[in-house]
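Worksheet: one structure, shown below.
The values are calculated or read from the model by the stated rules, or taken from the named source; none is laboratory data. Fair warning: this is a prediction, and the values are worked out from it, not measured in the lab. With ideal geometry, Cβ positions are generated from the backbone for all residues, glycine too; neighbour counts draw on all protein chains shown.
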Amino acid sequence: MKSIYENSQESRKEWMLDMFRKEGKKRSNVTTNQFWQHDNRPIELWSQDVLEQKVDYTHNNPVMAGLVLEPWHWKYSSAIDYSGGKGLIDLDL
């Protein structure tokens with residue numbers, strides 16, 4: 001929350017902070033902002049196929065949200081590394 005609040009270049013800052021506040025008001029166990037979902041549905045990654053399915057799903061989230069045209073265009077995604085580029089953190093693929 002602090003990083004979002006203090007980031008002067010984040011164009012969606014006010015929108016995000018407002019959404020966190022509104023969601024926090026809906027929950028009796030939250031005092032100010034709701035940042036994480038409270039769902040806990042662990043998925044066992046029991047095979048390489050299941051693992052790849054979940055990675056693909058995660059990489060495609062910004063595309064499905066209409067934020068980018070391709071998964072590797074999302075700055076914070078490891079899809080960049082999977083497509084031959086270099087992302088923000090080092091990955092051991």
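Things to note:
- Residue within the range 22-37 that is among the charged types (D, E, K, R), surrounded by 13 or more Cβ atoms within 10 Å (Cβ to Cβ), modelled with pLDDT under 95 and on the phi < 0 side of the Ramachandran plot present: yes
- Only a single criterion out of (1) in contact with a His (Cβ under 9 Å, 6 or more places away or on another chain); (2) hydrophobic (A, V, I, L, M, F, W, C); (3) modelled with pLDDT under 95 is not satisfied by residue 63, namely (3).
- Positions within the range 71-87 being out of contact with any Ser or Thr (no Cβ under 9 Å at 6 or more places or on another chain) and part of a loop (DSSP other than H, G, I, E, B), in sequence order: 74, 75, 76, 83, 84, 85, 86
- Every residue from the range 1-37 that is in a loop (DSSP other than H, G, I, E, B) and either over 23 Å from residue 76 (Cβ atoms) or touching a residue at least 24 places away in the same chain (Cβ under 8 Å) (or both): 1, 26, 27, 28, 29, 30, 31, 32, 33, 35
- Single condition residue 68 does not satisfy, out of (1) at pLDDT 95 or above; (2) outside any loop (DSSP other than H, G, I, E, B): (2)
- Residues of the range 62-79 satisfying the condition of being surrounded by 13 or more Cβ atoms within 10 Å (Cβ to Cβ) and either closer than 24 Å to residue 43 by Cα or assigned by TED's automatic domain parsing to the domain that holds residue 11 (or both): 62, 63, 71, 77, 78, 79
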